[in-house]
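Trainee: Can you read through this structure? Questions will come right after.
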Amino acid sequence: MTQLVLGQVLNGAIVGSMYGIIALGITLTFGITGIVNFALGEFMMIGAYATFALAERGGLPYPVAVVPAACIAAAAGYLCNKAFFRFTRGNLVNGLLVSIGLISVFESAVLWYWSATPIEMHYVLPGAIRLGDVTLPKMKLLVFAVIVVVIVLTYVGLARTWLGRASFAYAQNAEAATLMGVHTERLVTAVMLYSTGLAGLGGALYASLYSLEPALGGVYVLKGMEAAILGGIGSLMGSLWGGVILGVIEAVGSIFLPTAFRDAYGLVVLVAILLFRPSGLFGDET
Amino acid sequence: MIARAIFWGALALLPLMVKTDFVLTIFIYAFIFGILGVTFDLVFGFTGQLSMFHPAVFGVSAYMTHLLVVNAKLPFWLATLPAAATAVVLSIVVGGICFKFRLKTFYFAVVTLAFSEMARLIVMNWNSVTNGTLGLVVSGKPTIWWPGAGVVAIKGPVAWYYLTLVWLAATVFVCARVLRSWMGRAFGAIRLNEDLARTLGINVFRYKLVSFALGSALASFAGGLYGYYTGYIDPGYLGINQSMEVLAMVLLGGQGTLTGPIVGSLVLTGLPHVIDLRAEARAILYGAILIFTILVMPRGIVGTLRAWRARRAA
Amino acid sequence: MLLEARNLTKRFLGLVAVSDVSFSVDAGEIVGVIGPNGSGKTTLLSMMAGMLPPSDGAVVWKGEEIQRLRTDVIAARGLVKTFQNPQVFAELSVVDNVLVASHLAFKHALGTRRALDLVGLEHRADLRLAERVREVLALCNLADATDQLAGNLSYGEEKMLGVAMALMCEPEMLLLDEPASGLGREEIENLTSVLRRVHAAGTTLCLVDHKIGFLRGLAERVIALNYGRKIAEGTPEKVLVDPAVVEAYLGRAHA
């Protein structure tokens, strides 16, 4: 029994790390720029499909395909910011509606070109590792490691550098930040580029493990949002913790309770936390 | 005033001028979604609460109405009442929790979304009652008493057109009455500045709850009508897509107005069909319209028209 | 005794804003609270209106402790406060602002019968309400501005609107937080006459301000604060020559 639980916990943590990288994108965007990018899942989808195209059709080896795929997603993010998102700063409802529109556009475009039939990449890293009685595919562990490293690097990068301090200054008071010489337009662009690039990376990693369909963006953005809120919007490491916790709750919940309600377990915990600690587990108490 | 008269008058006379079933069908769908939109706007545009719980109410009442007709042998109209009562109870529970904890806009939306998803999962898995993802087939028809003809079943586009139009008008009427009263003023105050409203003696918790429950009760009828019109009910009714569509409709047409959601519903339901494109292209167009509206016309169609008219009068 | 402050204390982290202040206001009085900036006047008033929970002590309104009650409940019981920075609904017109403020008055007048307003049947109440709104606006010299957006008013007009909205709640007692601050001489005269008329009509007043001249003209009794403590109490003439008060305002040399 414990082996089952342990196995599920580990699996849940790995899935949760993918929620986490989306959560990081959401928390960075909303926390620093005040923009609600509910379409972040679409950039993940773009990254996933781009990886597929580059690796399967373009013949690039998988590790080489990942970076350009993430860049494509980031480029798309840049365009969307330039054209739409930057005008929705601070306006939750507008950001939501722009996101809805973009979701419709992206999902339909991909649906048009690739159809709804799930597509799969061939095995990137076959084989598994045994930890006691628990078997974990090597690729999953690699994905987990990459995501954790990326999130930690982001945290360190922001916490210790000038860019990070500028970002948080901007988040607190945009006008004051401008007066102190922070290039706010560039900052917003940078955040949008990075967060969508992260999502694209998440998608590229996703492509190595699961089959792709155009609707995957919708699922992951919801989970990412849950994870971001759970961890506390504005807390970078919180997005990783939130994602992992969410993944684990869903996995463990499915052992003892019906699997059909898997999504609900995370939701129940989320609601409970929000009611008693509105800023999430690691967020700032405002 | 005149604009409104023309609007409703045109809608009332439309079936006399348009004979194609296809066009009438679009209007019927638009009216039903219009009811959803207007009731959503009551809570969102007028009271300032961004609730994602509307589709849950819509779906649950669709199921309940049908199940009561089939299992309890109630006539359609009688079955809608317990469905409405359930909607009220659900929204009091969900609203009570959210408003008691004074959740701010973003978190309120998230928590209501969470509750809506939970409702959807329950509906989707309660196979014995709801038939799960397979959904339920509705074969009955609502009946009304018509002078001269006795009890008549609502059949055919024209009958459905007028039924849904009348119901939409009734919903708008009720909302308008409430909004014009002291209650409506309280809603508006809550939307603009909750804390100030409190210092003036307005029980913010209570009125948020009333607005939420009223919106849900009125929306529940849309669920019943929709189920009976399309002849099919499935858990997708409670999905987040529904929430997005209602939000889009209200924002496109104009939040904070009663005709706005109707206009938005007409445009979003009708436009994709007017332009003959394949489904994916239509969805892309839909997305483009939404983005365009919010960036260029944040007040929505009706809101922008009114502002333009006010500026010309000044 | 209508309103009583009992040993009110407020601590903010390390700072003690109000320290063990007690006084009372009887029905029909006009009581003033003076003190230099930072003496804790606004904090004291906020506690008395139930908007700020005290660290220690109690606020008693008509014999009942109210410091833990909700703001709207306190307002419904007849105790209403205005704000130093006028709080109005900027997006609504002046008359709409006052109409929103009529919520309590409507409730008092009709009780549960106000449900009839929902179906449009309470015409008489509607008319009386409209008249009362006109009265209040005229009283506050805002009759010419009824259709203007509250956001477009001048500062002085906004303050008067705040007073009008508070009056519309039909309070037994009005707490005014620095009503004269930011007003010109003519506006202060106007405000003084409005407050006198309101008092004459039966409303008890308690005002906080640091403009001594303004308070002296209105208040029958004055309480002086300094650094959160009560340092003097009595008629305006007595308090204003009290050495502790003079020292608080002007420094030791003048005492």
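Trainee: Over all directions, the average projected area of the alpha-carbon convex hull for chain B comes to how many nm²?
Mentor: On the way: hull surface 71.8 nm².
Mean projected area for chain B: 18.0 nm², to one decimal.
Trainee: Same structure, new question: Note down the nm distance, to one decimal, between modelled labels 7 Å out along Cα→Cβ at residue B:10 and at residue A:57.
Mentor: 4.5 nm
Trainee: Between residue B:71 and residue A:152, what is the label-to-label distance in nm when each label sits 7 Å out along the Cα-to-Cβ direction?
Mentor: About 5.4 nm, to one decimal.
Trainee: Okay, next question. Specify the residue with the greatest mean-square fluctuation among B:128, B:265, B:51, computed from a Gaussian network of chain B linking alpha-carbon atoms under 10 Å apart.
Mentor: Fluctuation is largest for B:128.
Trainee: For the pair residue B:240 and residue C:56, what calculated FRET efficiency results from E = 1/(1 + (r/R0)^6), where r is the Cβ-Cβ distance and R0 = 35 Å, to the nearest 0.05?
Mentor: Values: r = 49 Å, r/R0 = 1.41.
Step by step, r from the Cβ atoms, then E = 0.10.
Trainee: Based on alpha-carbon atoms only, what is the radius of gyration of the protein assembly as shown relative to the globular estimate 2.2 N^0.38 Å? Please list the in-between numbers first.
Mentor: Details: Rg = 30.9 Å, N = 855, 2.2 N^0.38 = 28.6 Å.
Normalised by 2.2 N^0.38 Å, the Cα Rg of the protein assembly as shown equals 1.08.
Trainee: Related question: If the reach is capped at under 16 angstrom between alpha carbons, list the aspartates and glutamates near residue C:107, excluding any in the same chain fewer than eight residues apart.
Mentor: Cross-link targets: C:72, C:117, C:122, C:126, C:170, C:172.
Trainee: Continuing with this model, one more query. Using only the Cα atoms, work out Rg/Rh for region C:1-50, with Rh taken as the Kirkwood radius, to two decimals. List each step's numbers first, then the result.
Mentor: Details: Rg = 11.4 Å, Rh = 11.6 Å.
Value, to two decimals: 0.98.
Trainee: From the Cα gyration tensor of region B:1-99, with a ≥ b ≥ c the square roots of its eigenvalues, which class applies: rounded if a/c is under 1.5, or else prolate if a/b is larger than b/c, or else oblate?
Mentor: Values: a/c = 2.70, a/b = 1.33, b/c = 2.04.
Note, shape of region B:1-99 comes out oblate.
Trainee: What FRET efficiency comes out for residue A:82 versus residue C:190 if R0 is 41 angstrom and r is the Cβ-Cβ distance? Round to the nearest 0.05. Provide the component values of the computation, followed by the final result.
Mentor: Working: r = 53 Å, r/R0 = 1.30.
The value I calculate is 0.15.
Trainee: Hey, another quick one. Project the alpha carbons of region C:132-255 onto their principal axes and report the range along each, largest first, in whole Å.
Mentor: That gives 52, 29, 23 Å along the principal axes, largest extent first.
Trainee: About the Cα centre of chain A, how large is the charge dipole given +1 on each Lys and Arg Cβ and -1 on each Asp and Glu Cβ? Please answer in debye to the nearest 20. Working shown, then result.
Mentor: On the way: 13 positive and 13 negative charges, 90 e Å.
Once rounded to the nearest 20, the dipole reads 440 debye.
Trainee: Quick one: grab Rg to one decimal and Dmax as a whole number for region C:1-156, Cα atoms only, in Å.
Mentor: Calculated on Cα positions, Rg and Dmax stand at 18.7, 57 Å.
Trainee: On a straight-distance basis, which lysines could pair with residue B:100 in a cross-link, Cα separation under 22 angstrom, same-chain partners fewer than 8 positions away excluded?
Mentor: B:208
Trainee: Can you tell me the relative contact order of chain A? Whole percent, Cα pairs under 8 Å, sequence separation 6 or more. Could you put the intermediate results ahead of the total?
Mentor: Values: 489 pairs, mean separation 107.5, N = 286.
Dividing the mean separation by the residue count of chain A yields 38 percent.
Trainee: Tell me, rounded to the nearest percent, the portion of alpha carbon pairs in region A:104-233 spaced more than 22 Å apart. Kindly include the intermediate steps, with their values, before the conclusion.
Mentor: Working: 4573 of 8385 pairs.
Summing the P(r) of region A:104-233 above 22 Å gives 55 percent of all pairs.
Trainee: What value, in deg cm²/dmol to 500, does the helix sum -39500 (n - 2.57) over DSSP H runs of n ≥ 4 give at 222 nm once divided by the residues of the protein assembly as shown?
Mentor: On the way: 36 runs with 541 residues, N = 855.
Value at 222 nm, helices only, nearest 500: -20500 deg cm²/dmol.
Trainee: Write out the GluC sites (Glu not before Pro) in region A:97-180 meeting two conditions: DSSP loop, and at most 13 other Cβ atoms within 10 Å of their Cβ.
Mentor: On the way: sites: A:107, A:120, A:175; in loops: A:120.
Loop-located and lightly packed - A:120.
Trainee: Which percent of the Cα-Cα distances in region A:1-64 go past 17 Å? Could you put the intermediate results ahead of the total?
Mentor: Numbers: 1235 of 2016 pairs.
Result: 61 percent of Cα pairs exceed 17 Å.
Trainee: Compute the Cα gyration tensor for chain A, then decide on rounded, prolate or oblate, letting a ≥ b ≥ c be the square roots of its eigenvalues: rounded whenever a/c is under 1.5, prolate when a/b is larger than b/c in the other cases, and oblate in all that remain.
Mentor: Details: a/c = 1.64, a/b = 1.23, b/c = 1.33.
Oblate.
Trainee: Let me ask another. In percent, how large is the relative contact order of region B:204-314, given Cα pairs closer than 8 Å and 6 or more residues apart?
Mentor: On the way: 73 pairs, mean separation 27.6, N = 111.
Relative contact order for region B:204-314 comes out at 25 percent.
Trainee: Let me ask something else about it. Could you calculate the FRET efficiency of residue B:146 with residue A:219 from 1/(1 + (r/R0)^6), where r is the beta carbon distance between them and R0 is 41 Å, rounded to 0.05?
Mentor: Values: r = 48 Å, r/R0 = 1.18.
The formula returns an efficiency of 0.25 here.
Trainee: Hey, another quick one. Trypsin sites (Lys or Arg not before Pro) within region B:90-190: which are DSSP loop residues with at most 12 other Cβ atoms inside 10 Å?
Mentor: Details: sites: B:100, B:102, B:104, B:120, B:155, B:177, B:180, B:185; in loops: B:102, B:104, B:155.
Passing both the DSSP loop test and the Cβ count: B:104, B:155.
Trainee: Between 0 and 90 degrees, rounded to the nearest ten: what's the tilt of helix C:185-200 against the longest Cα principal axis of chain C?
Mentor: 70 degrees
Trainee: So for the pair residue B:158, residue B:97, with labels modelled 7 Å out along Cα→Cβ, what separation do we get in nm?
Mentor: The two pseudo-label positions are separated by 4.9 nm.
Trainee: Something else: Mind checking which lysines have their C-alpha under 17 Å from residue A:82, skipping anything on the same chain fewer than 8 residues away?
Mentor: Residue A:82 reaches no qualifying lysines.
Trainee: Follow-up. At a 10 Å Cβ-Cβ cut-off, how would you order B:58, B:33, fewest neighbours first?
Mentor: Values: B:58 31, B:33 27.
The most exposed by this proxy come first: B:33, B:58.
No value in this document is a laboratory result; all are computed from the given coordinates. All values reported here derive from a predicted model rather than from experimental measurement. Here the Cβ is made from the backbone with ideal geometry for all residues, glycine too, and neighbour counts use every protein chain on show.
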